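**Student:** Can you keep this structure in mind? I'll have questions shortly.
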Amino acid sequence: MNAPAPDLIDLELTVNGTARQVRAEARTSLCDLLRDALHLTGTHAGCEHGVCGACTVLLDGQPVRACITLAAACEGRAVTTVEGLSGPLVDRLRAAFHAEHALQCGYCTPGMLVSAVDLLERKPEAGEDEIRRDMSGNLCRCTGYVGIVRAIRSCTRG
Ligand code: FES
Ligand code: FES
């Protein structure tokens, strides 16, 4: 017997400033939509359970876990992935991650950058404790976090 056809839905959303129309299975996560349908592989799939933060993107300017966000819930909304981050703050943050050795394998880095940009925009004078607390939803298996915290701290006005 043939398997039933999957439920397909048509979505319109804005991704990194560009209007996109995508057809996907109704159960598709935003993470899979970005990676598989739109080929934006900077959004990393780690735990796929909403725990590690590797898949963090901005949805209407707010950080979300793309692995536990249904693509269907993003109809008409604006998504920013690590590929779409730009501006002086992002340039400084990228340079600081490089200078402070804030990555090793780099798997966590896209999510770290998205969360760090959100943090620095909300709290431009954040101290180390605040940075550690606000970044605690992004896990890194390699660095021990010291370089990451130092990189973000170097981009504050504090
Ligand atoms: S892959 Fe989404 S939180 Fe880990
Ligand atoms: S640099 Fe490898 S997980 Fe963070």
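**Student:** Determine the distance separating the Cα centre of region 1-54 from the Cα centre of region 79-158; give it in Å without decimals.
**Tutor:** Computed from Cα coordinates, the inter-centre distance equals 25 Å.
**Student:** Here's something else I'd like to know. If you take all C-alpha pairs in region 8-83, what percent of them are over 18 Å apart? If you can, show how the numbers build up before the last one.
**Tutor:** Values: 768 of 2850 pairs.
Percentage above 18 Å: 27.
**Student:** Quickly rank 99-107, 13-21, 64-72 as a protection proxy: mean count of other C-beta atoms within 10 Å, highest first.
**Tutor:** Working: 99-107: 16.0, 13-21: 14.3, 64-72: 20.7.
So the order, starting with the most tightly packed, is 64-72, 99-107, 13-21.
**Student:** Three principal axis extents, largest first, for the C-alpha atoms of the chain, in Å?
**Tutor:** 61, 30, 22
**Student:** Let me have the 222 nm mean residue ellipticity of the chain computed from DSSP H runs of 4+ only, each contributing -39500 (n - 2.57), with the sum over all residues rounded to the nearest 500. Each step should come with its number before you reach the end.
**Tutor:** Numbers: 4 runs with 41 residues, N = 158.
Calculated at 222 nm, the ellipticity per residue is -7500 deg cm²/dmol.
**Student:** Here's another thing I want to ask about it. Average the reciprocal distances over every distinct pair of alpha-carbons in region 114-155, invert the result, and give the Kirkwood radius in Å. Spell out each step's value before the answer.
**Tutor:** Details: mean 1/r = 0.0972 Å⁻¹.
About 10.3 Å for region 114-155.
**Student:** Turning to a different aspect of this structure: So how tilted is helix 88-99 from the main axis of the chain? Cα-based, degrees 0 to 90, rounded to 10.
**Tutor:** Long axis of 88-99 versus the principal axis of the chain: about 70 degrees.
Just so you know, all these numbers are worked out from the coordinates, no wet-lab data involved. Please read all numbers here as calculations on a predicted model, not as lab measurements. Virtual Cβ from ideal backbone geometry, glycine too; neighbours counted across all protein chains shown.
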